[in-house]
1. Kindly indicate the residue of segment 379-421 that is without any contact (Cβ under 8 Å) to a residue 12 or more places away in the chain and within 22 Å of S276 (Cβ to Cβ) and also surrounded by the fewest Cβ atoms within 10 Å (Cβ to Cβ) among those meeting that condition.
2. For segment 13-28, which positions are exposed (fewer than 15 other Cβ atoms within 10 Å of the Cβ) and either β-branched (V, I, T) or not in a loop (DSSP other than H, G, I, E, B) (or both)?
3. Would you pick out the residues in segment 109-126 that are closer than 17 Å to I322 by Cα and not hydrophobic (A, V, I, L, M, F, W, C)?
4. Can you tell which of T149, T123 is surrounded by fewer than 19 Cβ atoms within 10 Å (Cβ to Cβ), among the hydroxyl-bearing types (S, T, Y), assigned to a helix (DSSP H, G or I) and not assigned by TED's automatic domain parsing to the domain that holds P43?
5. Which condition from (1) in a helix (DSSP H, G or I); (2) at pLDDT 95 or above; (3) within 21 Å of V357 (Cα to Cα) is the one that A87 breaks?
6. Just one of (1) at pLDDT below 95; (2) surrounded by fewer than 23 Cβ atoms within 10 Å (Cβ to Cβ) trips up E309, so point out which.
7. Identify all residues within segment 165-188 that are surrounded by 12 or more Cβ atoms within 10 Å (Cβ to Cβ) and in a loop (DSSP other than H, G, I, E, B); write none if there are none.
8. Looking for something surrounded by 24 or more Cβ atoms within 10 Å (Cβ to Cβ) and touching a Pro at 6+ places or on another chain (Cβ under 8 Å) - is there at least one such residue anywhere in segment 291-303?
Amino acid sequence: MVDARIANLREGLQLGYAASPENVAAAIGQIDALNAIPPRDSPFARPAARDGDPAFRAEMERLVGEELVPALRRYRDFLASECAARARRLPGVLALPDGAACYGAAVRRFVTLEVPAKEIHETGLAEVARVRAEMIAIAERSFGTRDVTTLLAKLRADPAWLYASPEEIVTTAQAAVDRAWAAVPRWFARLPSARVRITPYQEFMRASAPMDSYASATAGSGGEGTMWINAFVPPSRSKAGLESVTFHEAVPGHHLQIALARETADVPVARWIWNSAYGEGWALYAEGLAEEMGLYTSDVDRMGRLSFEALRAARLVVDSGIHALGWSRQQAIDYLLQNTTVGSGLAASEVDRYAAVPGQAVAYLLGAREIRRLRSEAERALGPRFEIRAFHDVVLGAGTLPLPALRERVKAWVAESSARS
């Protein structure tokens with residue numbers, strides 16, 4: 001597989017397609033960190049750690065040490081020699097052949113709708129302004145200031161607003177999940193049987209400082225999903241934002257949606273597939289829903305939620321900026337720092353992610369806006385007959401859908417509900 005990847009990337013380089021230098025360097029760094037781990041402790045040897053057969057363990061360690069590590073070293077050397085030397089000059093796909101067309105196609109793939117780059121950029125700017133106005137209201141109410149930029153910088157860097165230990169980060173996230181599980185029966189008629197565990201990222205991920213993420217249940221996991229959490233201290237993370245990202249990744253966000261789909265037997269295909277506009281759109285919608293559910297514990301956490309919503313809005317600005325307007329990497333980083341609570345390292349990591357996967361980052365807000373729009377239309381059409389648990393079950397009840405299909409499903413439910421009354 002590694003050798004095939006090298007051959008494919010080499011052909012891409014010959015055709016003029018190359019990654020950004022930052023993403024090449026990040027991949028090299030992760031491979032170096034992985035290869036520094038003894039085979040016995042390697043993440044790739046995990047199956048042996050869960051098995052009691054010494055012969056299986058010995059063979060797994062041999063395969064990792066004698067075959068996998070050398071293959072990764074070949075990949076690493078290819079990246080360091082050929083890819084690094086020919087990395088593209090700008091972070092966006094405008095630096096590549098047919099870059100503008102590539103970006104339009106990438107947006108169509110991730111959003112499942114045709115949305116022009118200019119519209120994406122303008123929507124992002126408008127949403128950033130809307131969220132900033134909400135942040136100003138909280139800043140005045142709880143922090144005695146209208147200077148959101150300075151307040152966000154303080155929440156990012158002041159030790160008073162930073163977690164002191166990995167344990168504190170994990171404990172806070174677990175408490176948020178526990179509150180969510182207690183509240184969801186009032187908002188959802190169907191709930192999954194699978195639970196979700198909070199697990200810190202492994203040490204080899206430290207250098208790239210990733211955002212938290214969700215992984216659905218796999219065979220042998222006992223049916224649990226996993227929220228991978230950045231609990232590296234130092235550097236520490238701001239107390240503003242952990243609750244909202246937990247609701248996004250776990251409950252009522254990704255875990256609730258994906259676990260329900262996996263347990264819905266009458267959608268045998270849609271329960272396994274994924275598209276970002278639906279899945280990430282739902283998770284961002286869930287962050288706002290958590291406010292309705294009364295799950296946030298303070299205005300610091302609400303400021304964090306709005307900051308992350310500003311991040312999703314800023315993604316529209318930055319993603320279209322680097323891929324359609326020719327923004328530099330630093331210009332994109334500066335925009336994130338001015339409008340969200342993400343620190344400089346995470347802002348750089350985010351921009352490099354957008355460079356690597358054009359169009360994906362805009363799907364969060366565009367998907368969430370569509371779900372909110374469908375809910376508002378249903379509320380207006382049904383009036384007092386609108387029932388939030390039924391609406392959520394309609395949205396989540398058919399697995400992952402393209403947004404046009406979700407529109408038709410909600411429209412049919414509204415028509416059926418109106419006819420019954």
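The values are calculated or read from the model by the stated rules, or taken from the named source; none is laboratory data. Predicted model, so just to flag it, every value in this text is computed and none were measured. Methodologically, a virtual Cβ is constructed for each residue, glycine included, from the backbone with ideal geometry; neighbour enumeration extends over all protein chains shown.
1. It comes out as E408.
2. Passing the criteria: Q14, L15.
3. P116, K118, E119, H121, E122, T123, G124
4. After ruling out the rest, the residue left standing is T149.
5. Status for A87: all satisfied but (1).
6. The number of the failed condition is (2).
7. Scanning segment 165-188 gives W187, F188.
8. No, segment 291-303 contains no residue that is surrounded by 24 or more Cβ atoms within 10 Å (Cβ to Cβ) and touching a Pro at 6+ places or on another chain (Cβ under 8 Å).
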